[in-house]
Amino acid sequence: MEQRTPDQLVEWAYDQFLEQAADMLAPEQIVDITLEFEQRGAVEATLPNGDWSTELGVPVDMERWVEVWVGLLDHQDEFEVTYATFLLPRYLNEHDVHVRWHRQQQA
């Protein structure tokens, strides 16, 4: 079964992020993204966290899924702020996308 490349998965997550961020994040976060993403922004693929199984209702199959983080990096290139976490299928014939939006709580 044909799989998406890591670059395809990152691009897919970023496209989804751009389409939905304005509706899912706080206005202050959108301003931060707009001002800082070019210099500090990152979209990275990693192995899925097992806690997705709560939302999926089944254990997360590491061969089937990839987790992608979208956020801003600190001076050590570690995620300082994560705006969204995506769980995307590796296989080209699967299209289910799961997203956790990390909306900033207003004080």
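The values are calculated or read from the model by the stated rules, or taken from the named source; none is laboratory data. Note that the structure is predicted; figures quoted are calculated from it, not measured. Neighbour counts run over all protein chains shown; Cβ positions are idealised from the backbone, glycine included. Areas reflect the complete protein model, heavy atoms only, side chains present, ligands, DNA and RNA absent. Shrake-Rupley method; radii C 1.70, N 1.55, O 1.52, S 1.80 Å.
Counting only protein heavy atoms and using a 1.4 Å probe, what share of the accessible area of the chain belongs to carbon plus sulfur, as a whole percent? Don't skip to the answer; put the middle values down first.
Values: 3220 of 6800 Å².
C and S fraction of accessible area: 47 percent.
Under a 1.4 Å probe, what is the accessible area of the chain per residue, stated in Å²?
I get 64 Å² per residue for this part.
With a ≥ b ≥ c the root eigenvalues of the C-alpha gyration tensor of the chain, is it rounded (a/c under 1.5), prolate (a/b larger than b/c) or oblate? Walk me through the numbers on the way to the answer.
Values: a/c = 1.90, a/b = 1.62, b/c = 1.17.
Prolate.
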Among Ala22, Ala84, Ala42, which one shows the biggest mean-square fluctuation in a GNM of the chain, springs joining Cα atoms closer than 10 Å?
Ala22
Got the relative contact order for segment 2-68 handy, in percent, Cα pairs under 8 Å and 6 or more residues apart?
35
Taking the dipole of the chain about the Cα centre (Lys, Arg +1; Asp, Glu -1; charges at Cβ), the one of Thr82, Gln29, Ser53 that reaches farthest to the positive side is Ser53
Who wins for biggest fluctuation among Asp96, Asp15, Asp61 in a Gaussian network model of the chain, springs between alpha carbons below 10 Å?
Asp96
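Would you mind working out the magnitude of the charge dipole of the chain relative to its Cα centre, with +1 at each Lys and Arg C-beta and -1 at each Asp and Glu C-beta, to the nearest 20 Debye? List each step's numbers first, then the result.
Working: 6 positive and 22 negative charges, 48 e Å.
For this selection, approximately 240 debye.
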